[in-house]
Amino acid sequence: MDKLVLVDTHANPDAQRDNLAPDISVYAADNVPDADAKTDFSRMELFVELKFAETSDPFRDPKDPRRPQAENFRFKNDSSEVSRLNRGQLCSYAAAHAGSQFRVHTFTLSICGRSARFIRWDRGGATVTRSFDYIKDPHILAHFFWRYAHLNHSQRGYDTSVSPASPEDLQQIQHVEKHLRKENPAHREFCKVMVPDRSDPEVEKPFIISSPPMYTARSPFGRATRAMLAFDMEAEAIVFLKDYWRPDVDGMQKEGEIYAILKSKGVPNIAPFGKGNDLRDYMTLTQALRNEKWACWSREMVLLRQYRMSLDVVGRHLTSFNSSQEFVSAIADAMEGESFFVTFR
């Protein structure tokens, strides 16, 4: 069991993540940030947000719990600006949390006055419990934290395809270590990430990246595309790595399959594909829960699967061109590739 430490972080914003600061940050006892940087979304297990008034609750419960979808009952509370702002605040914290770690899902506790709710977030949406009076029923909070402390990393929502780099791994990247560090201002350590093979997702190959990942996606939902440099331990070279959540719907091909088609058709100016496929069984759950009998009405959602891939080339930002000729040439190459793609598609 990992012991949990609850830290008052409301006045100690995370400078790496838009100066955001939840009221209470929960850390594992062996992973608490330094005293002068109490808020660190990249280390956080979960967070708690507190509001004095129950009217600040960003959600509302149906009067008849047996008929939560009656008359398309809207669970979101839009009766006041304060409620909407509170919901937006929770979303921004959840985005910073998931975006600063490798996560499949996360948990949050929202408290407004005497009422509290648990929230489970994934890239498809958020599942919110009915409110409960934590003063009247304090055992509910105690049970939650006790149960969370007994969960393994996978159950807590961590992506277990990512692990700290070993001393042997670090020896292998000595000649590129500075380059990988330079590209990530939030660098704290090096991690090993596994990337599945395009033809067989059960086969995974190791890459080394700078961690924690840069915080780029400001929404807790959607594709949450993250691009980074990585050291391909098999090819012994720095490559481009991309991690995101793809919609799993009929007619939408995986990116690796599209690259294979482009190559077979001789489309020019296409980056060489390395490895990539759906990552293990990581997928969103919210879209399935929305149809449960206890669930209030919500819009249609699609299943998202985590996808990770590499390209065997590292480009430069388009804004870093050395001359106008180089800039125009890059645009022309892209247009040529697009015209070939449209022709055979």
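The values are calculated or read from the model by the stated rules, or taken from the named source; none is laboratory data. This structure is a prediction, so every number in the text was calculated from the model and none was measured. Virtual Cβ from ideal backbone geometry, glycine too; neighbours counted across all protein chains shown. To get the accessible areas, we keep the full protein, side chains included, count just its heavy atoms, and leave off ligands, DNA and RNA. Shrake-Rupley method; radii C 1.70, N 1.55, O 1.52, S 1.80 Å.
Remarks
- The range 71-108, subset under 26 Å from residue 164 (Cβ atoms) and of a type in the set (A, V, I, L, M, F, W, C), residue most open to solvent (accessible area, probe 1.4 Å): 107
- Qualifying residue in the range 109-121 (condition: over 24 Å from residue 302 (Cβ atoms), modelled with pLDDT of 95 or more and open to solvent by 40 Å² or more (accessible area, probe 1.4 Å)): yes
- Condition broken by residue 124, with the remaining ones in (1) in contact with a strand residue (DSSP E or B) (Cβ under 8 Å, 6 or more places away or on another chain); (2) buried (at least 21 other Cβ atoms within 10 Å of the Cβ); (3) closer than 24 Å to residue 34 by Cα satisfied: (3)
- Scanning the range 167-210 for residues that are surrounded by 12 or more Cβ atoms within 10 Å (Cβ to Cβ) and part of a loop (DSSP other than H, G, I, E, B) turns up 173, 176, 183, 184, 186, 187, 188, 197, 198, 201, 203.
- Qualifying residues in the range 230-252 (those that are of a type in the set (D, E, K, R), open to solvent by less than 60 Å² (accessible area, probe 1.4 Å) and over 23 Å from residue 100 (Cβ atoms)) - the one farthest from the chain's Cα centre (by Cα): 232
- Residue satisfying condition, being of a type in the set (Asp, Glu), surrounded by fewer than 16 Cβ atoms within 10 Å (Cβ to Cβ) and modelled with pLDDT under 90, within set 312, 281, 333: 333
- Selection within the range 291-308: residues that are within 30 Å of residue 199 (Cα to Cα) and over 16 Å from the mean Cα position of the chain (by Cα). The member of this set that is most open to solvent (accessible area, probe 1.4 Å) is 302.
- Residue match in the range 246-267 (condition: part of a strand (DSSP E or B) and under 28 Å from residue 183 (Cα atoms)): yes
- Residue check, residue 64 without any contact (Cβ under 8 Å) to a residue 12 or more places away in the chain and not small (Gly, Ala, Ser): yes
- Index of the failed condition, residue 264 passing every other in (1) at pLDDT below 95; (2) within 25 Å of residue 197 (Cβ to Cβ); (3) open to solvent by less than 60 Å² (accessible area, probe 1.4 Å): (3)
- Here residue 159 meets each of (1) open to solvent by less than 60 Å² (accessible area, probe 1.4 Å); (2) modelled with pLDDT under 95 with one exception, condition (2).
- Scanning the range 33-53 for residues that are more than 30 Å from residue 184 (Cβ to Cβ) and either among the small types (Gly, Ala, Ser) or open to solvent by 100 Å² or more (accessible area, probe 1.4 Å) (or both) yields 52, 53.
- Selected residue [open to solvent by less than 60 Å² (accessible area, probe 1.4 Å), part of a loop (DSSP other than H, G, I, E, B) and without any contact (Cβ under 8 Å) to a residue 60 or more places away in the chain] from 217, 288, 227, 271: 271
- Those residues of the range 298-341 which are over 17 Å from residue 272 (Cβ atoms), in contact (Cβ under 8 Å) with a residue 60 or more places away in the chain and aliphatic (A, V, I, L, M), in sequence order: 301, 302, 303, 304
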